[in-house]
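Accompanying notes for the structure given below.
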Amino acid sequence: ANSGSPDIDIIVELQSGWNLIGLPLDVENSSYLNLFPMAVQGSLYGFNGTYTPESDLTPGTGYWLRFSDSGSTTITGSTISSLTVSLSQGWNLVSGISEAVDVNSISDPDEIIVPGSLYGFTGTYEGASQLTPGQGYWLRTTAVGNITISSGAAARTIDPFIDRTKEANVLSFNGSELYFGVSVQEEELLSYQLPPKPPVGSFDVRFSDDMKMAESAGTIDIMNNTDRLTISYTIKIDAGERMRWVLTSESGRNYFLEGLGKIIIPSVETIILKREPVVPITFALYQNFPNPFNPITVLRYDLPDQAYVTLSIYDMLGREITQLANTTQEAGHRSVQWD
């Protein structure tokens with residue numbers, strides 16, 4: 001602490017319910033009730049693999065703290081212009097210094113920070129690009145190591161991270177977004193993983209493997225604090241020919257996703273996203289194509305339900321020449337080749 005420096009004030013904006021907070025100044029008394037007198041007693045939690053109750057705040061560390069009402073608090077203390085923070089492998093709760101710092105200007109000599117993994121909390125998790133004084137953040141690492149957060153550090157210009165959510169389909173749950181329809185390379189998967197769930201009483205939505213992105217299917221876990229759920233969707237990538245995107249709620253109701261739209265459903269804990277074949281409404285056998293043909297033609301037919309299918313070719317005299325199908329088949333659009 002540079003004891004000679006004059007004290008400054010930092011105002012921290014707070015929302016009702018849970019907040020991610022940090023201590024952006026050197027202070028004499030770092031007890032949470034001294035710094036945040038409006039906080040709910042006994043609600044300060046740090047993280048070391050699990051949430052652990054705490055009573056004092058350390059600069060560089062992030063914490064959960066609960067408030068009954070929204071408002072702001074003023075913290076007075078001496079400036080912190082640089083902090084070296086020790087991180088464990090995986091998710092860490094961190095906080096910054098006395099001024100805003102761009103995530104790209106954090107000194108990361110061993111390159112342990114996972115690109116795109118800084119998250120703040122504003123009622124739901126939100127990707128962040130800078131550390132704001134007094135706020136707490138999740139940050140993901142690939143290994144144990146130290147990072148240094150300091151003022152005036154130059155931002156790294158090369159960000160190798162290409163955000164694949166930009167071209168993906170979007171599902172927005174009460175404003176919290178998940179993505180699907182594009183594939184992600186193995187080495188980029190960590191950039192699409194969400195931090196540990198917030199404490200009970202918050203809203204959270206994620207695929208069941210803690211991802212915010214799925215290629216074509218997944219179970220979605222919802223931690224809800226409201227009695228209804230508004231799901232908006234934007235479909236940029238269609239499911240493919242004769243396929244469709246579908247959400248299935250706990251009650252078994254299906255919602256088909258096309259274009260832009262909105263669904264309002266009662267609160268649920270899980271909902272399933274999948275890409276499935278469009279099932280025909282009635283049985284139909286179509287004209288073979290090409291016709292006339294030499295040497296191959298294709299016969300297409302629609303099965304509305306799973307059924308036992310026999311498909312035989314007869315000549316003009318009614319003699320069976322060949323049997324193209326003789327098996328139980330799933331509902332859907334089917335085709336068979338005759339050579």
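The values are calculated or read from the model by the stated rules, or taken from the named source; none is laboratory data. A quick note: this is a predicted structure, and the numbers were derived from the prediction, not measured. Reconstructed Cβ throughout: ideal geometry from the backbone, glycine too, with neighbour counts over all protein chains shown. Protein only, heavy atoms only, side chains kept; ligands, DNA and RNA dropped before computing areas. Shrake-Rupley method; radii C 1.70, N 1.55, O 1.52, S 1.80 Å.
Which residue is farthest from Pro280 (Cα to Cα), if the candidates are limited to the range 306-339 and must be assigned to a loop (DSSP other than H, G, I, E, B) and at pLDDT 90 or above? The selected residue is Leu317. For Leu25, the conditions (1) open to solvent by 10 Å² or more (accessible area, probe 1.4 Å); (2) out of contact with any helix residue (DSSP H, G or I) (no Cβ under 7 Å at 6 or more places or on another chain); (3) not aromatic (Phe, Trp, Tyr) are fulfilled apart from (1). Residues in the range 161-175 include at least one that is closer than 26 Å to Arg66 by Cα and part of a loop (DSSP other than H, G, I, E, B).
Scanning the range 198-214 for residues that are assigned to a loop (DSSP other than H, G, I, E, B) and either surrounded by 13 or more Cβ atoms within 10 Å (Cβ to Cβ) or modelled with pLDDT under 90 (or both) gives Pro198, Pro199, Gly201, Phe203, Asp210, Lys212.
Go through the residues of the range 239-260 one by one and say whether even a single one is part of a strand (DSSP E or B) and under 30 Å from Leu324 (Cβ atoms). Yes - at least one qualifying residue is present in the range 239-260.
For the range 185-197, the criterion of being open to solvent by 10 Å² or more (accessible area, probe 1.4 Å), under 28 Å from Gly77 (Cβ atoms) and not in a strand (DSSP E or B) is met by none of the residues.
Within the range 246-286, the residues that satisfy the criterion of being within 30 Å of Ile313 (Cβ to Cβ) and either at pLDDT 95 or above or open to solvent by 70 Å² or more (accessible area, probe 1.4 Å) (or both) are Ile281, Thr282, Phe283, Leu285, Tyr286. Starting from residues that are surrounded by fewer than 13 Cβ atoms within 10 Å (Cβ to Cβ) and touching a Lys or Arg at 6+ places or on another chain (Cβ under 9 Å), keep the ones in the range 152-184 and report whichever is farthest from Tyr125 (Cα to Cα). Per the stated criteria, the residue is Ser183.
Condition check: touching an Asp or Glu at 6+ places or on another chain (Cβ under 7 Å) and modelled with pLDDT of 95 or more. Does Gly77 satisfy that? Step through it out loud before you land on a result.
Numbers: touching an Asp or Glu at 6+ places or on another chain (Cβ under 7 Å): yes; modelled with pLDDT of 95 or more: yes.
Yes; evaluated as a whole, the condition is true for this residue.
Identify the residue in the range 3-22 that is among the polar types (S, T, N, Q) and either within 28 Å of Gly201 (Cβ to Cβ) or surrounded by 20 or more Cβ atoms within 10 Å (Cβ to Cβ) (or both) and, among all such residues, is nearest to the chain's Cα centre (by Cα). Checked the range 3-22; the qualifying residue nearest to the chain's Cα centre (by Cα) is Asn19. How about the range 29-55: which of its residues are touching a helix residue (DSSP H, G or I) at 6+ places or on another chain (Cβ under 9 Å) and either at pLDDT below 95 or surrounded by 13 or more Cβ atoms within 10 Å (Cβ to Cβ) (or both)? Scanning the range 29-55 gives Ala39, Ser43, Leu44, Glu54. What pairs can you find where one residue is in the range 304-329 and within 30 Å of Glu276 (Cα to Cα), the other is open to solvent by 90 Å² or more (accessible area, probe 1.4 Å) and assigned to a strand (DSSP E or B), and their Cβ atoms are less than 9 Å apart, with a gap of 6+ or different chains? What qualifies is Leu311/Leu285; Ser312/Glu320; Ser312/Ile321; Leu324/Gln337; Asn326/Tyr308; Thr327/Tyr308; Thr328/Tyr308; Gln329/Tyr308. Of the residues making up the range 102-151, those that are among the polar types (S, T, N, Q), open to solvent by less than 40 Å² (accessible area, probe 1.4 Å) and within 21 Å of Ile80 (Cα to Cα) are Ser105, Thr148, Ser150.
Screening Ser68 against (1) within 27 Å of Leu194 (Cα to Cα); (2) at pLDDT 95 or above; (3) surrounded by 13 or more Cβ atoms within 10 Å (Cβ to Cβ); (4) not aliphatic (A, V, I, L, M) leaves a single unmet condition, (3). Residue selection: Asn225 fails the criterion of being without any contact (Cβ under 8 Å) to a residue 24 or more places away in the chain and polar (S, T, N, Q).
One residue stands out among those in the range 287-305 that are open to solvent by 30 Å² or more (accessible area, probe 1.4 Å) and in a strand (DSSP E or B): the one that is farthest from Met243 (Cα to Cα), which is Phe289.
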